[in-house]
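Scroll down for the structure; my scribbles are underneath it.
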Amino acid sequence: MKKLKWKGIAAIALASMLALSGCGGGTQAPAEGGGERADLTSQSVDIVKATDTSRNPQVALDRKDTIVIGTDDFNGVFIPQFGQTVPDRQVYELLFEPLVGVDEEGKPIDDGIATWTVEDDVKYTFTIKDGVVFSDGTPVTAEDVEFSYLVLADPTYDASSDIGKYGILGVDAYKNGQADSIEGIKVIDEKTIEFTLEQPNAEVIYFFTLGIIPKAYYGEGYTFGDLSSIRDLQAKPMGSGPYKFVEYKEGQTVTLVANENYWQGTPGIPNVIFKVTSNATEMQEIISGQIDIQDITVSVENVEQLKAAGFVDLHIFPTNGYGYLGMNHELPKFSDVRVRQALKYAINRKDATEAIYGPYGNVLNIPQSRVSWAFTDEGINSYDYDMEKAASLLDEAGWEMGDDGFRYKDGEKFEIFFTGMSDHPVLDILLPMMIESYKELGIDFKVEYVDFPTLIDKTNNYAAEMWFLAWSLTPDPGSASNIYRTGGPQNKYNYSNPAADQLWIDGVAETDFNKRAEIYGDLYRILNEDIPVIIIYQRSDMWAANSRLENFNVSPYRTFTKDLWKVTIAD
Amino acid sequence: MRQYLTRRLIQMIPILIGISVIIFGLFALAPGDFIDANMSMGASQERIDELKALYGFDKPLPVRYINWASNTIRGNLGLSLQFMKPVTEVIDDYVWNSFILASIAYMLSILIAVPVGVLSATKQYSKFDMGATVFALMGIAMPSFFLGLLLIKFFAIDLPIFPVSGMSTAGANNTGLAHILDVGKHLILPSLVLGLTGVGSLMRYTRTAMLEVIRQDYIRTARAKGLGQRTVIYRHALRNALIPVVTILGMMLPSLFGGAIITEQIFAYPGIGRIALMSLSKRDYPLLMGFNMMLAALTLLGNLLSDILYAAVDPRVRLK
């Protein structure tokens with residue numbers, strides 16, 4: 001169940017990649033990989049190859065033209081505009097394609113269905129490549145692109161993507177029914193479409209990673225204010241992607257077949273089946289050869305078990321996310337940065353991360369993935385475990401140790417009321433450590449246990465003092481501004497730092513990648529010192545793939561579906 | 001009889017209304033709603049407010065209840081928030097799978113529990129009785145997920161006789177008999193788990209009922225008349241001992257449709273129990289309301305069925 005919660009968090013995060021995708025950066029068509037920054041691709045994925053492919057079970061070898069991918073329960077919403085969960089997303093990523101793609105470093109590249117140019121940082125002109133067709137043979141046109149985005153601006157659109165945040169001209173007017181179309185989305189000709197913004201916004205390039213749906217198919221019967229014609233087709237998708245939809249058995253499988261009209265060539269694997277697996281048995285399913293691809297929680301035992309099987313390749317890479325301790329800065333005790341620093345110094349984050357994740361987790365000091373193009377550790381304080389430093393910081397902040405072993409300031413006792421979740425893989429290890437350390441520091445640390453939605457509700461109402469949650473990261477660093485800027489909708493900490501606020505704005509207004517990286521570097525240094533939240537760790541993901549699959553590729557910013565069409569089954 | 005039935009059915013209505021108010025109130029008061037649980041990350045506050053208005057979460061509680069109730073009476077249980085399709089359709093997709101699994105498991109339970117219970121009672125305190133009691137208590141005490149994982153390990157991994165999970169083989173397009181056999185193979189392990197964990201209590205219940213009957217005077221009379229053991233037990237005692245057991249069958253009605261949450265989870269079986277559990281953590285209230293109301297109605301019907309069966313089987317009882 002706790003695994004479900006984690007996957008739940010990751011699912012929300014990944015699904016909201018559409019909405020969160022901000023990070024503009026690259027200006028001209030293919031993003032220039034900054035010459036100065038190191039190529040992180042080779043460092044980002046650790047591949048452990050199978051050692052004995054002869055042990056591949058017969059049941060797997062017999063599947064000469066089919067692969068089975070293990071995943072979680074589907075909601076059956078196989079449309080990019082509406083799908084919210086990871087399994088749905090895995091399916092529709094094979095069926096639909098976007099204008100813009102993302103490379104292994106998280107930068108935009110033109111391996112989607114279009115090339116583009118940018119004018120004055122506000123006008124994005126997309127040209128659909130030659131030969132791009134939907135699986136029924138009809139060509140993908142600019143009108144299909146326009147339709148795919150108009151759906152998001154319909155007043156009854158009720159999924160999480162937020163078209164309003166990019167400043168595209170005329171979206172509100174369209175939503176209110178004052179205009180028939182969106183001024184900032186203009187079809188120029190059959191293959192060309194123009195998006196115009198009110199002002200430069202570096203995040204918008206990631207908004208264009210939305211899958212394009214055919215207007216003729218989904219738009220039949222569609223009228224403004226009524227999306228039911230599209231919803232009715234959510235279990236019968238049709239797009240331009242490498243695979244075509246065959247069948248969906250609720251709660252069991254989704255079957256896809258290669259799209260013979262795929263514009264980039266015939267996919268290497270003729271049949272793809274997604275199968276719902278339970279967390280309890282997914283390891284067995286891989287080891288018995290009944291499943292070919294599955295993401296499995298990475299732990300020392302699991303890795304050993306998979307290595308022992310001999311015929312499984314493992315792909316291990318940093319998760320796009322981090323675990324952290326949030327606090328309510330409105331409370332006087334947390335509003336002093338020295339106190340926050342003391343609280344961070346007092347947690348042995350290195351030991352905790354190692355105890356929880358073994359070699360597969362790393363301490364993180366800034367709210368960014370260590371394989372992102374925006375990552376930096378220059379001038380970053382690593383807050384190594386130091387109880388003395390913590391104690392002296394608290395002394396400095398005016399919290400004096402009393403005779404009863406607790407600290408007092410102005411007559412008030414230092415108490416922390418922590419809201420945790422029970423049966424939690426991280427908290428089960430972290431909380432005892434914190435209780436002990438904070439007791440030594442003279443803090444009365446109390447814990448209550450609630451479930452995930454209750455915790456979310458509490459933090460939404462600013463009713464929690466201190467808690468543990470995880471944030472997910474997207475290729476664009478700008479998407480985190482909602483979390484850390486003053487008044488940001490995800491800023492549940494009442495955190496405010498005007499200098500940081502300005503840098504969030506600057507980071508999005510600047511469209512050159514290298515300059516953006518510098519801005520975010522400065523920003524992370526401020527956040528590292530000011531500690532809006534105590535970031536603990538970044539863990540890892542692991543994908544296990546049967547070794548008979550050749551060219552299987554997965555990385556933090558590129559899900560395996562993006563390159564699945566190039567994978568072949570060895571004889 | 002007709003009068004009795006009509007009266008009982010009419011009595012169900014206020015009870016169901018009361019249940020619906022309580023469940024609706026509980027869900028609405030629980031912290032967190034669908035938007036918070038699933039969509040709030042990364043969305044701007046305007047978008048969150050927009051979504052809550054679209055879903056009707058900003059309206060006051062009584063208004064939302066009246067909306068839900070008036071729709072439900074007309075058969076419209078609303079739209080499942082996570083599946084984005086009618087609740088009735090979602091339930092229909094999954095409930096029959098649970099029904100099949102539960103039916104087989106209960107048949108298995110009954111086929112084992114009743115004969116063993118009877119034998120246990122007639123041979124009270126013998127080795128057979130002791131053995132059966134141990135077995136029954138083990139079944140009651142054993143957590144179903146433990147038994148499930150054990151069976152998977154022995155019969156699906158170590159000896160690959162049965163499939164690990166699911167309801168049918170992925171990718172095989174079986175039809176007709178081949179399909180039935182394929183599903184049957186997938187059903188064996190989960191129904192064993194469900195059946196074996198339920199057999200214990202049913203067996204003990206049968207045994208107790210049987211023991212009571214055997215002590216009765218008329219059984220002594222039958223024996224005194226010279227009737228053989230077999231006739232006494234199976235023609236006279238058993239029928240009377242089964243009276244309480246038969247009434248239990250009526251109570252099983254809701255369980256047939258309620259889904260076995262843990263077993264379905266372990267075996268990735270596409271049942272309604274698993275879906276209901278998921279809906280709880282996702283706060284998919286329309287689906288939960290619809291599912292719970294269905295179970296409430298079935299429970300009341302099950303009660304009614306029990307009473308009718310009791311009257312049918314026991315001539316001493318008159319329904320009024």
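The values are calculated or read from the model by the stated rules, or taken from the named source; none is laboratory data. What you are looking at is a predicted structure, and each value in this text was computed from that prediction instead of being measured. All Cβ positions, glycine included, derive from the backbone under ideal geometry; neighbour counts span all protein chains shown.
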Whether any residue in region B:69-91 is over 27 Å from the mean Cα position of the chain (by Cα) and farther than 29 Å from residue A:455 by Cβ is what I want to check. yes
Say whether the condition of being modelled with pLDDT of 90 or more and closer than 30 Å to residue A:169 by Cβ is met by at least one residue in region A:69-78. yes
Consider residue A:180 carefully, then state whether it is farther than 22 Å from residue A:374 by Cβ, part of a helix (DSSP H, G or I) and of a type in the set (Asp, Glu). no
Could you go through region A:329-341 and let me know if any residue there is within 14 Å of chain B (Cβ to nearest Cβ) and either modelled with pLDDT of 90 or more or crowded, with 17+ Cβ neighbours inside 10 Å (or both). no
Which of the helices (runs of 4 or more DSSP H) contained wholly in region B:1-74 include at least 1 residues that are within 14 Å of chain A (Cβ to nearest Cβ) and within 21 Å of residue B:87 (Cβ to Cβ)? B:2-29, B:45-55
Can you tell me which condition residue A:130 does not meet? The list is (1) over 19 Å from residue A:476 (Cβ atoms); (2) out of contact with any Phe, Trp or Tyr (no Cβ under 8 Å at 6 or more places or on another chain); (3) touching a residue at least 12 places away in the same chain (Cβ under 8 Å), and all the others hold. (3)
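Hey, any hits in region B:250-267 for a residue that's in contact with a helix residue (DSSP H, G or I) (Cβ under 8 Å, 6 or more places away or on another chain), on the phi < 0 side of the Ramachandran plot, in contact (Cβ under 8 Å) with a residue 40 or more places away in the chain and exposed (fewer than 15 other Cβ atoms within 10 Å of the Cβ)? Break it down stepwise before answering.
Just the residues of region B:250-267 that are in contact with a helix residue (DSSP H, G or I) (Cβ under 8 Å, 6 or more places away or on another chain), to begin with: B:250-267.
Next, only the ones that are on the phi < 0 side of the Ramachandran plot stay: B:250-258, B:260-267.
Checking the rest, the ones that are also in contact (Cβ under 8 Å) with a residue 40 or more places away in the chain come to B:250-258, B:260, B:262-267.
From what's left, exposed (fewer than 15 other Cβ atoms within 10 Å of the Cβ): B:251.
Yes, region B:250-267 has at least one match.
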Going through region B:152-194 in order, the residues found to be among the hydroxyl-bearing types (Ser, Thr, Tyr), under 13 Å from residue B:263 (Cα atoms) and out of contact with any Ser or Thr (no Cβ under 7 Å at 6 or more places or on another chain) are B:191
Considering B:202, B:227, B:211, which residue is part of a helix (DSSP H, G or I) and surrounded by fewer than 19 Cβ atoms within 10 Å (Cβ to Cβ)? B:211
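Here is a yes/no grid of residues against (1) touching a residue at least 12 places away in the same chain (Cβ under 8 Å); (2) more than 21 Å from residue A:158 (Cβ to Cβ):
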site	(1), (2)
A:224	yes, no
A:229	no, no
A:239	yes, yes
A:243	yes, yes
A:249	no, yes
If I filter region A:235-249 down to residues being within 14 Å of another protein chain (Cβ to nearest Cβ) and of a type in the set (Lys, Arg), which single residue comes out as surrounded by the most Cβ atoms within 10 Å (Cβ to Cβ)? A:249
Could you list, in sequence order, the residues of region A:68-102 that are part of a helix (DSSP H, G or I), of a type in the set (Asp, Glu) and away from chain B (no Cβ under 11 Å)? A:93
Where residues in region A:159-179 are free of Cβ contacts under 8 Å to residues at least 24 places away in the same chain and of a type outside the set (A, V, I, L, M, F, W, C), which of them is farthest from residue A:505 (Cα to Cα)? A:178
If you scan region A:395-429, which residues turn out to be surrounded by 15 or more Cβ atoms within 10 Å (Cβ to Cβ) and under 30 Å from residue A:521 (Cβ atoms)? A:397, A:426
Which condition does residue A:385 not pass, out of (1) surrounded by 12 or more Cβ atoms within 10 Å (Cβ to Cβ); (2) over 30 Å from residue A:362 (Cα atoms), if it passes all the others? (2)
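What tally of residues in region B:176-213 results from selecting those that are β-branched (Val, Ile, Thr) and under 21 Å from residue B:248 (Cα atoms)? If you could, list the steps in order and put the result at the bottom.
Let us first name the residues in region B:176-213 that are β-branched (Val, Ile, Thr), namely B:180, B:183, B:188, B:193, B:197, B:199, B:206, B:208, B:213.
Then drop every residue that is not under 21 Å from residue B:248 (Cα atoms), which leaves B:193, B:197, B:199, B:206, B:208, B:213.
Counting residues in region B:176-213 that are β-branched (Val, Ile, Thr) and under 21 Å from residue B:248 (Cα atoms) gives 6.
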Could you list, in sequence order, all residues of region A:259-289 that are farther than 17 Å from residue A:62 by Cα and within 7 Å of chain B (Cβ to nearest Cβ)? A:275, A:276, A:277, A:278, A:280, A:281, A:284
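How many residues, within region B:182-222, are basic (Lys, Arg) and closer than 18 Å to residue B:104 by Cβ?
Of region B:182-222, the ones basic (Lys, Arg) are B:185, B:204, B:207, B:215, B:220.
Now narrow it down to the ones that are closer than 18 Å to residue B:104 by Cβ: B:185.
Residues that pass the stated criteria total 1.
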Considering each residue of region B:263-312, count those that are among the acidic types (Asp, Glu) and either away from chain A (no Cβ under 14 Å) or within 30 Å of residue B:182 (Cβ to Cβ) (or both), and give that number. 2
Does region B:153-164 contain any residue that is away from chain A (no Cβ under 14 Å) and either on the phi > 0 side of the Ramachandran plot or in a helix (DSSP H, G or I) (or both)? no
Go through (1) in contact (Cβ under 8 Å) with a residue 40 or more places away in the chain; (2) over 30 Å from residue A:77 (Cβ atoms); (3) part of a helix (DSSP H, G or I) and name the single condition residue B:124 misses. (3)
Could you check region A:118-145 and list, in sequence order, the residues that are part of a strand (DSSP E or B) and of a type in the set (Ser, Thr, Tyr)? A:124, A:125, A:127
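Which helices (runs of 4 or more DSSP H) does region A:419-516 wholly contain that include 3 or more residues that are under 25 Å from residue A:372 (Cβ atoms)?
Here the list reads A:481-484, A:498-509.
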Residue that is nearest to the other protein chains (Cβ to nearest Cβ), among those in region B:165-179 that are hydrophobic (A, V, I, L, M, F, W, C) and more than 23 Å from the chain's Cα centre (by Cα): B:170
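Go over the candidates A:358, A:323 one by one and state the one that is under 25 Å from residue A:491 (Cα atoms) and not charged (D, E, K, R). Break it down stepwise before answering.
Numbers: A:358 fails: under 25 Å from residue A:491 (Cα atoms).
The match here is A:323.
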